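Written out below as structure tokens is the structure these notes cover.
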Protein chains: 2
Amino acid sequence: MSHSASGDGVAGVAALIGEPARANILSALMSGRALTAGELARHARVTAQTTSGHLARLLEARLIVVERQGRHRYFRLASPEVARAIEALSVIAGAGPNRTLAIGPKDEAVRRARTCYDHIAGQLGLALADSMQARGLLVHADGAGAITHEGQAFLTDFGIDMTAPARSQRPLCRMCLDWSERRHHIAGRLGAALLNRLLELRWVERVPDSRALTITGIGERGLDTRFRIDVRSPVPHR
Amino acid sequence: MSHSASGDGVAGVAALIGEPARANILSALMSGRALTAGELARHARVTAQTTSGHLARLLEARLIVVERQGRHRYFRLASPEVARAIEALSVIAGAGPNRTLAIGPKDEAVRRARTCYDHIAGQLGLALADSMQARGLLVHADGAGAITHEGQAFLTDFGIDMTAPARSQRPLCRMCLDWSERRHHIAGRLGAALLNRLLELRWVERVPDSRALTITGIGERGLDTRFRIDVRSPVPHR
DNA sequence: GTCATGTTTCGGTCGCAGCCGAAACGTTCC
DNA sequence: GGAACGTTTCGGCTGCGACCGAAACATGAC
């Protein structure tokens, strides 16, 4: 008679995510981009009417937000917290019985580098975390991390200002467990800033209709000189 | 046609959690204790038969594990990852429209100190994190944390050995977002060790049928002398 | 204005899954 | 042995909600 606070609300949110069509919608939005209702309908593999209903429910529960633009409506995840919950669910789902071998060549690009809401995941994400750790820019002890003074300097030089006062409540540097690699990569405000900067420099580019990121030629060279990351080498599997 | 990896598995797990009865079961198990099917039936407010079915499905999905003991079957959450996902969902659920005022005096104990799977949450959890931060035992920068050398020494002296090689993959020190306070407390192996030690010392005690923890007289004094935490003072709200 | 496109509302069908009663099964205690 | 208790299986009921077709409602292009 006291479990109202915990169980009830959780069930509602989870039930919302627990519908295949809605889960597909949310997964598509995990790319971090804002997508239209029509695009989401295609991702979810249901008709536009059905999608419309789902979107209405997701909006009411504040899992997503919308922005009108002409005759389109662009949907985004409402907050990093929502992305976190979905990622946490992915971790459990991925840990299932025989999931490890069930990946085709199609997903290879996704495993190499992809967006995780607003930061970089996949092998590139891990490599960035490992590299910064090895050079003393980041204290990344066992799934938790903090930026060192050297790290602050490095980032400023790289074009990322992390010294600005936190106007948002969001953690500066959080580590996010990767569903494909089962290790942590950089999330939080730093993770978002890194992704932005890499896109800005055109070191990586988004792949349409996918969470995947491609590493450009400039990116390969840049990652090598600035981060000592050799993109072509076999992936570190620790 | 490439979203099999993300959306599908997530939907299954979320649907499992998204049933009120099952959510209640999982919430009850968030206390970290192992409970019998009968107890869980009472928590979930459904009959034993119904509960049995739910437990079977949760077992098959590996969200929980079971241990026989005589004519009882004791259920536990399968892993910290499961607890994480549930906590992440709680955060979203709690952020809903007018949830902030919907708490009665009954929940006050739960807000003061409670278990969050296997570590301490609530105001006491925050106080511990803040205290260790202030004394330089923990680098707890914005939602991510690592133990300092001074921290290692302090913990050893306090009866917690964190220097042992990590036999499990589990993070040493992770920060967990609190659904009632919206700030981070200490989780990971350190969080679990702290809860264990405090129970061992009888500084805190479990409340039957609840996630709540009570702070004993010894505990009050101990927390004051060792951690500089004044349990009686108005809670720090930052 | 007309037409095309993106999105929502309405109405009705259908299937899944949660629920319980009854009964069977297994274990412990006396 | 029998009785009590905890748990599971079976069968049948019931209701919620996901889905689509059709049509209405917007917005923008011409």
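Assorted remarks:
- For the peptides B:209-216, B:125-132, B:22-29, A:221-228, the ranking by mean Cβ contacts within 10 Å, running from highest to lowest, is B:22-29, B:125-132, B:209-216, A:221-228.
- FRET efficiency, 1/(1 + (r/R0)^6) with R0 22 Å, evaluated for B:ALA134 and A:ALA134 via beta carbons: 0.15
- Amide proton proximity set for B:THR216, modelled H, under 5 Å, gap of 5+: B:VAL204, B:GLU205
- Highest mean packing comes first when the peptides A:193-205, A:79-91, B:72-84 are listed by Cβ atoms within 10 Å, giving A:79-91, B:72-84, A:193-205.
- Phi angles of the range A:222-227 translate, via the Karplus equation with coefficients 6.51, -1.76, 1.60 and θ = phi - 60°, into HN-Hα couplings of x, 4, 5, 6, 7, 10 Hz per residue; Gly and Pro are given as x.
- All Cα pairs of the range B:4-78, percent lying beyond 14 Å: 57 percent
- When B and A come together, around 4500 square angstrom of accessible surface is lost from both chains combined, probe 1.4 Å.
- Counting Cβ atoms of other protein chains within 10 Å of each Cβ in B:76-86 and taking the mean gives 4.
The values are calculated or read from the model by the stated rules, or taken from the named source; none is laboratory data. All of these numbers come straight from a predicted model, not from anything done at the bench. Positions of Cβ are backbone-derived with ideal geometry, glycine not excepted, and every protein chain shown enters the neighbour counts. These area figures cover heavy atoms from the full protein model, side chains too; ligands, DNA and RNA do not enter into them. Shrake-Rupley method; radii C 1.70, N 1.55, O 1.52, S 1.80 Å.
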